Amino acid sequence: MIRSELSKYYKIRATTKKEEKADVIFPKTKLAFMITNIKDVPKSEHDGSIKDMAEFSASFQRSFVMVISSGQDHLLQNISQFQINLQQFNNYPEVLLCVDAVSCVSCMVELSKVDERSHITEAKEQEQLALLSSVDYIGTSVLKTIPGLSDHHADVLLQGMGSISNIIVTNCANKIRDKTSLDLKTATSVKNFFHQ
């Protein structure tokens, strides 16, 4: 029943032959959802399916066991023990309780949106770091062309001033000397290179 209901919304990968279980994977965000009916929740820590769930979840950045209660509230006490049993493993999935298949799908979609946004943010941060690294490399290359400035002094200057743009806009040799360990003659050479 769960598998056929969820297949209306997603492609379902069956890991068991039972119709009451299904797995949904969002490969782009590295999320995995294991869906089961509340009456099929493993009740004993010795149940092999608990270990299988933990091993399955280890392959993904985040994983969830979506338990569909379908009005069987008398079985809710099984959920607490189920969570405790899962926590004995290093990579255990989070357990979420859903009322029905529709709310289960809605929850999965929202979780995948949130996770996708965090991946986009991480990717943008990595792009910015790469850009800053390339700007610093170009900046260091420019600094090494200043007459009388050694490679070591160029590195010291960039580190002390924080960025190539700070060096360029500073038109006072004393300010450069104060922020770096360069002597006044070298600081004056840097200032004169950018402000003649």
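At a glance:
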read-out: Within region 52-82, tally of residues that are more than 20 Å from the chain's Cα centre (by Cα) and more than 15 Å from ILE35 (Cα to Cα); value: 11
read-out: Yes/no for VAL99 being touching a residue at least 24 places away in the same chain (Cβ under 8 Å), within 13 Å of ALA32 (Cβ to Cβ) and among the β-branched types (Val, Ile, Thr); value: no
read-out: Flag for ALA58 being touching a Lys or Arg at 6+ places or on another chain (Cβ under 8 Å) and either farther than 21 Å from ASN90 by Cα or modelled with pLDDT of 75 or more (or both); value: no
read-out: Extreme residue, surrounded by the most Cβ atoms within 10 Å (Cβ to Cβ), among residues of region 83-99 that are assigned to a loop (DSSP other than H, G, I, E, B) and within 24 Å of the chain's Cα centre (by Cα); value: PRO93
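The values are calculated or read from the model by the stated rules, or taken from the named source; none is laboratory data. Bear in mind the structure is a predicted one, so any value in this text is a computation, not a measurement. Neighbour counts are summed over all protein chains in view; Cβ atoms, including those assigned to glycine, are modelled from backbone coordinates with ideal geometry.
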